[in-house]
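First comes the structure, then the notes that go with it.
The values are calculated or read from the model by the stated rules, or taken from the named source; none is laboratory data. What you are looking at is a predicted structure, and each value in this text was computed from that prediction instead of being measured. With ideal geometry, Cβ positions are generated from the backbone for all residues, glycine too; neighbour counts draw on all protein chains shown. With ligands, DNA and RNA removed, areas are computed over all heavy atoms of the protein, side chains included. Shrake-Rupley method; radii C 1.70, N 1.55, O 1.52, S 1.80 Å.
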Amino acid sequence: TYGQTNVPTQATNLVALAAGYHHTLALRADGQIVAWGRNNAGQLNIPEGASNIVAIWSGAEHSYARRADGTLFGWGAGAQLPAATTPVAVM
């Protein structure tokens, strides 16, 4: 209904997927995020500086990512992190 199954052409060389309520995230091997589906709450608006990403996850209308240096990103409705959060210990 909202395009969450319409995989974009740039979703190649993927190493991880995360699915929200009506959106999907994919993590490419080069550390870039590809997002598609419904964007009613900004859950597809990947923050500037979200590069060198090593992990992604999502909730109903929000998305999260962790960069290799531990920096956390959160965006969309109800995201509990600002667009970029001070690095934390990477485990």
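Of all residues in the stretch 60-82 being of a type in the set (Gly, Ala, Ser), touching a strand residue (DSSP E or B) at 6+ places or on another chain (Cβ under 8 Å) and part of a loop (DSSP other than H, G, I, E, B), which is surrounded by the most Cβ atoms within 10 Å (Cβ to Cβ)? Break it down stepwise before answering.
Taking the stretch 60-82 as the starting set, the residues that turn out to be of a type in the set (Gly, Ala, Ser) are 60, 63, 65, 68, 70, 74, 76-79.
Right, trim to touching a strand residue (DSSP E or B) at 6+ places or on another chain (Cβ under 8 Å) and you get 63, 65, 68, 74, 76-79.
Right, trim to part of a loop (DSSP other than H, G, I, E, B) and you get 68, 77-79.
On the way: Ala68: 13, Ala77: 12, Gly78: 11, Ala79: 20.
The selected residue is Ala79.
One residue alone among Asn52, Asn6 is open to solvent by 80 Å² or more (accessible area, probe 1.4 Å) and within 23 Å of Gly70 (Cα to Cα), and that residue is Asn52.
Give me the residue from the stretch 12-50 that is part of a loop (DSSP other than H, G, I, E, B) and of a type in the set (Gly, Ala, Ser) and, out of that set, farthest from Ala60 (Cα to Cα). Working first, answer last.
Narrowing the stretch 12-50 to residues part of a loop (DSSP other than H, G, I, E, B): 12-13, 20-22, 29-32, 38-50.
Of the ones still in play, those that are also of a type in the set (Gly, Ala, Ser) are 20, 29, 31, 41-42, 49-50.
Details: Gly20: 5, Ala29: 25, Gly31: 23, Ala41: 10, Gly42: 12, Gly49: 23, Ala50: 20 Å.
Residue satisfying both the conditions and the ranking: Ala29.
All conditions but one from (1) surrounded by fewer than 17 Cβ atoms within 10 Å (Cβ to Cβ); (2) among the β-branched types (Val, Ile, Thr); (3) modelled with pLDDT of 90 or more apply to Thr86; the one that does not is (3).
Only residues that are of a type outside the set (A, V, I, L, M), open to solvent by less than 90 Å² (accessible area, probe 1.4 Å) and closer than 18 Å to Trp75 by Cβ: list them for the stretch 9-27, please.
Of all residues in the stretch 9-27, those of a type outside the set (A, V, I, L, M) come to 9-10, 12-13, 20-24.
Filter again for open to solvent by less than 90 Å² (accessible area, probe 1.4 Å), leaving 12, 20, 22-24.
If the condition is that a residue be of a type outside the set (A, V, I, L, M), open to solvent by less than 90 Å² (accessible area, probe 1.4 Å) and closer than 18 Å to Trp75 by Cβ, then Gly20, His22, His23, Thr24 are the ones that fit.
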